[in-house]
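Here's the structure, in structure tokens; my notes come after.
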Amino acid sequence: MSSTKDRVEGVFRKSVVYGNRASPLQEKLPNDHTHRWTVYLRPFNEEPLSNFIKKVQFKLHPDYENSTRNVEEEPFEVTETGWGEFTVTMKIYFHDSAERQASCSHYLALRAPEIFKEGDVPVIMKENYDELVFVNPTRRMHELLMNTRHVMPHNAERWYFDYPRLIIENQRRMADLAEQSDKEVSELTESIKLIASKCAAIREKLKEADNSKAAPKALKSD
Amino acid sequence: MFRNDVIDILGIDSSEQTPPEAPRRPTKVKKAPKRPGGRKNTVDYVRQLLPDDMGINPLDIVSQIGEPPANHLELSFKKFGKKPVRKWTWGQFTNSARTDGLVLNHWKRIGAKAGDYPFAQLNKREPTPSYTDAVYKVLMDVSEVGESDWSKEETDYLVKLADEYHLTWPVIADRYDFPNGPKRSLDDLRARFHLVDDAVKFLHGYKGPSSDFNYEEEVKRKRQLKNYIFRTQEQLEEEKTIVEELDRIRKRDREFLIGKRRANIERIAKVVASQRVRKRVILAAKKASSSSKLNVASPRRLLSPRLDLAPPGGLDFETMANFGLTSKPIKKLAVSTKDAAYFASEAADVSFGQHVSKQPLIRAVYDYYYPLTFPQTISNEFADNSTEFRSKIHCISELKGAFMSLTSELARLEELEKAAGFTSEPLPPEHTVQHYMKDRVTEDGKRTYESMFHIVPPTFPMADCIKFNNNGLPVRNASSSINYPKELSRTRRSSTVPSAFEQQRLSPPPPSPPKTVVHSAKAPKRPGRESLGSTSSPAKKSKNVVRASDIGAPPMTVVSPKSEGRPARAFRPKQLFSPKK
């Protein structure tokens, strides 16, 4: 029996992309809906997420009927019509229920930021690249995560955005910033120490000079 | 009569007067007659009060005094004189306004004009419509008169009653009893009456105003009045509380507005005050750098009072240094230390828990360097680095505050040192404010970012922020709270950050930012300016734009739609500090 109490040490990652695409409808529906949108969670590489994801729970705006949509098989997505933008929260349940659920939120975009055309129809697409991080997963999860059957690397043609470049750029930028902040802190600390010692030195000098020039009425020392 | 005038004119003392003759007829002006019966008049009283030898004429005084009000009892006597009283007799009378010939009695004055009962003329009667059967028939056809359940008989009855009771509707309604007729309310009766009245008048060519009786309105009005009059105690109390509540709400709103206005005023006042403070700091910085010689005559004055070794404002450099040295980064929050599964974005977005006061600053700096663009790409490393970056932002602010305070303190001490005749070694250049304001280049030299020192506003140390623990080492005094700045004092420079849309396209990366001398020339002014808000910087910016272009600055860099277009500023020779090396 696989003991779920045992955990494999280490940090494991699975790259995903979540977001939504939306298109305006040709004609407004009688319930005032103007767009059709799909919110989804897709694997970044070519792999079946259902290997380790049991279900994805999409929480839509309460105005929608059954605003909690559970999707238990790929593709993990929800398509609906609507007129307004709101935040969709996605909660990921893993096959091993010992593992905590991961959740993320996405602000559904109907008008911005990216527009391209598919034939005649404008399409709005807003996506986020993210990574599911597993810290010390259970043995079972580890098995599922390491299952490399049907796993192929990222296929750039299936994506609109240039993720490899973006990922590297942003990562590098943030690494730069972290390093810079570290450096500035240590440099400033050094400077402060130096200036303080200089101040002390001057004060000593002045005190001595003052004392030697002091009139018979000696001034109190601090 | 003449006598008084003579006395008046000549100003003869009235005590010399002989008493006048027998009581005269009352004249308009009474100057000094003695009243019969020994009553004193005003002059006598005045004379009594004044000592005789003062030489004041009592008449002068009396003429200033007004006459006392007349005694009305005497007045009527005077008015009506001593004629004998007129006689009255008890007798009968009739009232021509009455129709029943009632005879009553009352007092009549003998000798008065006989005539009709005087109040009979007030008996004004509102005329009621009179119509013949033929007229009525016409009305039935022509107007709405026929469209109701009122028969002619009933209408006649109503008119008769109205006539009888002088159109006093409550009475009419009470007495109204048409045999076998339906129940009629007061308003019904009135409506019918006025309908008929108006119709008859119209037929006869009456051009004046109509009765204007609005049945619906009357019913409504009476109902409202009834409800109003017969409110219960509970309703009254309820109304009272509601009115009180309304007053309270209005008062609260008013006070809130007043508070807001006051807050605005305070904010403006603070800015004005801070500008004054800023001037002082700038002057201090100028003094530190300028090579002006001190007045030789005053070195002793500088040294002798011991107070000069203590800095103005009460903070000594040790406290400032300790404030900087005890600055600690926020410990990473433990999303990732437990065994867990989570999105990297959850880890990157970690909120800093109890460090609420630091949040706005952290947010502002983060957004400055890393504006939100889509698509976001958050990997695990990204999350780690982002947390590390954000944990140190407030440290930079504290360190900057300590550093700048120490710099100005050092400058002040160096002045004293120079005045005392010593020479001082200048600070090595990598420990000056200018150095820290410069942009920073990454290790591989490929990318440049503005220094955090440049961007982050300082948090200055306060007097009681440091205390010493058991080991004699300085620690932060937890009870003194630090106010971190909430905003940056600058908007984003256009050249460093590509616009949101540009970043997403499958296009070549944006051009690397030109390495122009943009801000270092203005660096020395920064310590003052940045510490205290940015209200005057927009104005200053525009001024600088003009001057830069005058000197012939390099052309404008790529301007994104978001930030304001600011040309890169060239070195301005008038600066006190040396240009970037």
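The values are calculated or read from the model by the stated rules, or taken from the named source; none is laboratory data. Computed from a predicted structure; not experimentally measured. Using ideal geometry, Cβ is built from the backbone for each residue, glycine included, and neighbour counts are taken over all protein chains shown. These accessible areas exclude ligands, DNA and RNA; they are computed on the full protein's heavy atoms, side chains included. Shrake-Rupley method; radii C 1.70, N 1.55, O 1.52, S 1.80 Å.
Against the condition farther than 26 Å from residue A:131 by Cβ and in a strand (DSSP E or B), how does residue A:38 come out, does it pass? Lay out the reasoning, then the answer.
Numbers: farther than 26 Å from residue A:131 by Cβ: no; in a strand (DSSP E or B): yes.
No.
Quickly run through the range A:79-98 and pick out the residues that are closer than 19 Å to residue A:34 by Cβ and open to solvent by less than 10 Å² (accessible area, probe 1.4 Å).
Result: A:82, A:88.
Looking for whichever is crowded, with 21+ Cβ neighbours inside 10 Å and more than 7 Å from chain B (Cβ to nearest Cβ) here; the options are A:141, A:146, A:174. Which one fits? Give the derivation first.
Values: A:146 fails: crowded, with 21+ Cβ neighbours inside 10 Å; A:174 fails: more than 7 Å from chain B (Cβ to nearest Cβ).
Of A:141, A:146, A:174, the one residue that is crowded, with 21+ Cβ neighbours inside 10 Å and more than 7 Å from chain B (Cβ to nearest Cβ) is A:141.
Could you please find all residues in the range A:71-100 being within 14 Å of another protein chain (Cβ to nearest Cβ) and not in a strand (DSSP E or B)?
A:85, A:95, A:96, A:97, A:98, A:99, A:100
Mind listing whichever residues of the range B:409-441 are of a type in the set (Ser, Thr, Tyr), surrounded by 15 or more Cβ atoms within 10 Å (Cβ to Cβ) and either without any contact (Cβ under 8 Å) to a residue 12 or more places away in the chain or outside any loop (DSSP other than H, G, I, E, B) (or both)?
Hits for the range B:409-441 are B:424, B:436.
Looking only at the range B:363-389, which residues are open to solvent by 10 Å² or more (accessible area, probe 1.4 Å), more than 7 Å from chain A (Cβ to nearest Cβ) and assigned to a helix (DSSP H, G or I)?
Passing the criteria: B:363, B:364, B:366, B:367, B:368, B:384.
Would you mind telling me which numbered condition in (1) over 17 Å from residue A:206 (Cβ atoms); (2) at the interface with chain A (Cβ under 7 Å from one of its Cβ atoms) residue B:416 fails?
Only one criterion is unmet by residue B:416, namely (1).
Taking the condition of being surrounded by 13 or more Cβ atoms within 10 Å (Cβ to Cβ) and not in a loop (DSSP other than H, G, I, E, B), how many residues in the range B:442-490 meet it?
11
Condition test on residue A:198, is it surrounded by fewer than 16 Cβ atoms within 10 Å (Cβ to Cβ) and at pLDDT below 90? Explain how you work it out, then say what you get.
Details: surrounded by fewer than 16 Cβ atoms within 10 Å (Cβ to Cβ): no; at pLDDT below 90: yes.
It is false that residue A:198 is surrounded by fewer than 16 Cβ atoms within 10 Å (Cβ to Cβ) and at pLDDT below 90.
Could you count how many residues in the range B:320-342 are outside any loop (DSSP other than H, G, I, E, B), more than 7 Å from chain A (Cβ to nearest Cβ) and either at pLDDT below 80 or open to solvent by less than 20 Å² (accessible area, probe 1.4 Å) (or both)? Even if it seems obvious, please write down each step before you answer.
Going through the range B:320-342, the residues outside any loop (DSSP other than H, G, I, E, B) turn out to be B:320-325, B:340-342.
Now narrow it down to the ones that are more than 7 Å from chain A (Cβ to nearest Cβ): B:320, B:322-323.
Right, trim to either at pLDDT below 80 or open to solvent by less than 20 Å² (accessible area, probe 1.4 Å) (or both) and you get B:320, B:323.
Residues in the range B:320-342 being outside any loop (DSSP other than H, G, I, E, B), more than 7 Å from chain A (Cβ to nearest Cβ) and either at pLDDT below 80 or open to solvent by less than 20 Å² (accessible area, probe 1.4 Å) (or both): 2 in total.
Tally the residues that are over 21 Å from residue B:344 (Cβ atoms), part of a strand (DSSP E or B) and open to solvent by 30 Å² or more (accessible area, probe 1.4 Å), restricting the search to the range A:102-135.
Residues in the range A:102-135 being over 21 Å from residue B:344 (Cβ atoms), part of a strand (DSSP E or B) and open to solvent by 30 Å² or more (accessible area, probe 1.4 Å): 6 in total.
Where in the range B:1-116 are there helices (runs of 4 or more DSSP H), lying fully within it, with 2 or more residues that are modelled with pLDDT of 70 or more and of a type in the set (Lys, Arg)? Reasoning before the result, please.
On the way: elements: B:2-10, B:42-49, B:58-64, B:72-80.
Once the helices (runs of 4 or more DSSP H) in the range B:1-116 are filtered for at least 2 residues that are modelled with pLDDT of 70 or more and of a type in the set (Lys, Arg), what remains is B:72-80.
Look at residue A:188 and say whether it is open to solvent by 30 Å² or more (accessible area, probe 1.4 Å), modelled with pLDDT of 85 or more and either in a helix (DSSP H, G or I) or under 26 Å from residue A:134 (Cβ atoms) (or both). Write out each step before concluding.
On the way: open to solvent by 30 Å² or more (accessible area, probe 1.4 Å): no; modelled with pLDDT of 85 or more: yes; either in a helix (DSSP H, G or I) or under 26 Å from residue A:134 (Cβ atoms) (or both): yes.
Spelling it out, it is not the case that residue A:188 is open to solvent by 30 Å² or more (accessible area, probe 1.4 Å), modelled with pLDDT of 85 or more and either in a helix (DSSP H, G or I) or under 26 Å from residue A:134 (Cβ atoms) (or both).
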